[in-house]
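Undergrad: What follows is a structure written as structure tokens; I'll ask about it next.
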Amino acid sequence: MQTSVVNKYHLNEEQLLICWQQFLDGEREAFGRLISFYYAALFQYGMKMHADKAFVQDCIQDMATHLWSRRERLSREVHVKSYLFKSLRHDMMRQLRRRQLQAQHIIQWWKTDPHFDAEFSVETSIIDNEAAREQRQRLHESLQSLSPRQQEIIYLRYYQNMDHEQVAVIMKLQKEAVYNLLSAAIKRLKSHWGLVVALIISLLSKFF
């Protein structure tokens, strides 16, 4: 069993994996560090799929409980962030299915694509003046024009800095499907807003 003294607010990839393996060995404090470290990102992701804060908080808690109860069956070598995102997504879908809220809160969640809120927060250091309001609105409208899956892929890829393989795992898609959906999304954004979108997309990955 690996041991390491780490600051839960400043964990690198190696320390995160150590915490994950300590959690698998039954160390509650290590698991607490992982959940604390990723809580804000998990909550933000959950709120993109469902607007009820209490519901999202409950789902994160349930996800943590389920992971703890199944820790002896989990892999020791994982990408921690994408695994937690995938787990939260699965638990939210399970909870929504059980509560039968899809007709009211998640449009066509199980029949077609999951709903995904396209209210992306563009970093103010990219567009930070009054004259840019119209541009921000156009970008927001362009993002809303994408399909729910395309919106989610854009969010995970550029706002959460996940690679194509990690996105595929979270969304239960083939990696090729992720490439195709992302390519189609960027092409659509460019058709709405021209080549400036390519710059915005490249900058997003540096800030989120």
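Undergrad: Using per-residue counts of other Cβ atoms within 10 Å, averaged over each peptide, order 15-23, 165-173 from highest down.
TA: Numbers: 15-23: 20.2, 165-173: 18.7.
Highest-to-lowest ranking by the protection proxy: 15-23, 165-173.
Undergrad: Can you compute 3J(HN,Hα) from phi for each residue in the range 54-62, using the Karplus curve 6.51 cos²θ - 1.76 cosθ + 1.60 with θ = phi - 60°, rounded to whole Hz and x for Gly and Pro?
TA: 4, 5, 4, 4, 5, 5, 5, 5, 5
Undergrad: Also, quick follow-up: Compare the peptides 82-95, 177-190 by average per-residue count of other Cβ atoms within 10 angstrom and give them in order, highest first.
TA: Result, highest mean first: 82-95, 177-190.
Undergrad: Computed FRET efficiency, Cβ-Cβ of Arg28 and Arg97, R0 22 Å: what is it to the nearest 0.05?
TA: Values: r = 30 Å, r/R0 = 1.34.
Computed FRET efficiency for Arg28 and Arg97 comes out at 0.15.
Undergrad: Which of the GluC sites (Glu not before Pro) found in the range 12-77 are in a DSSP loop and have at most 11 neighbouring Cβ atoms, other than their own, within 10 Å?
TA: Details: sites: Glu13, Glu14, Glu27, Glu29, Glu72, Glu77; in loops: Glu27, Glu77.
When the GluC sites (Glu not before Pro) of the range 12-77 are filtered for loop state and at most 11 Cβ neighbours within 10 Å, Glu77 remain.
Undergrad: Also: With the crude spin-label approximation of a point 7 Å out along Cα→Cβ, what separation in nm comes out for His90 versus Lys53?
TA: So the label points at His90 and Lys53 sit 2.9 nm apart.
Undergrad: Can you pull the one-decimal nm distance between simple spin-label points at His140 and Ala41, each 7 Å off the Cα toward Cβ?
TA: Once both label points are built, they end up 2.6 nm from each other.
Undergrad: What is the sum of charges around Lys175, taking Lys and Arg as +1, Asp and Glu as -1, for the other residues whose C-beta is under 15 Å from the C-beta of Lys175? Working shown, then result.
TA: Details: positive: Lys86, Arg149, Arg157, Lys172; negative: Asp163, Glu165, Glu176.
Combined, the nearby Lys, Arg, Asp and Glu give +1.
All of the numbers you see were taken from the coordinates with simple rules; none came from a lab. Keep in mind it's a predicted model, so treat the numbers as computed, not measured. When we count neighbours, we look across all protein chains shown, and the Cβ atoms used for this are built from the backbone with ideal geometry, even at glycine.
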